[in-house]
Ligand code: NI
């Protein structure tokens, strides 16, 4: 069954039908979901979902855009949450220079601190990196994250950068962008990357694939992503689902 490696079902976009939607996943071929977190508040909500649904797991972490107010006490709290039996990764953490705030210095500080948290907790990393290719890679190399492993979620960089992460043993997270008219860069990465290092994700409620671009996304749209990967790799959809599920289980150690 399809393994959704990154969604945000704690988001208010799902307030009206969250439980009905999650109840409908199995009958639609979605077998496992990892709900990704971005702040203390979302970690709390995500743990709640993971405890309610056997097939839902959660990451634990603070997103670079949400780290302005972070402090040592919060880091310590995150570490405690990592011990939860449904916690499968530290993320999404990283760098996002798309907006000016928080400053790169603050983002780097908490990115590094959360990488070390993952190392202590023995959990893989879920990396968010936007408009910050060089700084992200520099930090990940300096801190020897190849010893920790993980996934570069919603991969948005060219093949040369993908090559670096693939060599470090990381997985590449591929979602709806692969179906976009302007998604050529990601299609090139998928063409280049071994299928054994690709995992699929939606980033729901964001980034709906064509033909639903701009609408609320959910894991039910993952077949469109599978279809596109199958086309690029010359595989059947069934094979892509089977291999990416095995990859995701390795990634999250499930
Ligand atoms: Ni996300």
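The values are calculated or read from the model by the stated rules, or taken from the named source; none is laboratory data. These figures come from a predicted structure and were not determined experimentally. Every residue, glycine among them, receives a Cβ derived from its backbone with ideal geometry; neighbour counts consider all protein chains shown.
Below, the figures for the structure above:
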{"quantity": "Boolean, residue 194 is modelled with pLDDT of 95 or more and under 16 Å from residue 92 (Cα atoms)", "calculated": "no"}
{"quantity": "Condition met for residue 41 (farther than 20 Å from residue 109 by Cα and surrounded by 13 or more Cβ atoms within 10 Å (Cβ to Cβ))", "calculated": "no"}
{"quantity": "Within segment 110-140, tally of residues that are in contact (Cβ under 8 Å) with a residue 24 or more places away in the chain and more than 16 Å from the ligand (Cβ to nearest atom)", "calculated": "16"}
{"quantity": "Close pairs from segment 179-204: first touching a residue at least 12 places away in the same chain (Cβ under 8 Å), partner more than 16 Å from the ligand (Cβ to nearest atom) and not in a helix (DSSP H, G or I), Cβ under 6 Å, at least 6 apart", "calculated": "179/210; 185/158"}
{"quantity": "Candidates 108, 163, 181 - the one that is part of a helix (DSSP H, G or I) and farther than 24 Å from residue 79 by Cβ", "calculated": "163"}
{"quantity": "Filtered residues of segment 168-205 (kept if within 16 Å of the ligand (Cβ to nearest atom) and within 23 Å of residue 140 (Cα to Cα))", "calculated": "171, 172, 173, 174, 175, 186, 199, 200, 201, 203"}
{"quantity": "Qualifying positions in segment 1-21 - away from the ligand (no atom under 13 Å from the Cβ) and buried (at least 22 other Cβ atoms within 10 Å of the Cβ)", "calculated": "2, 3"}
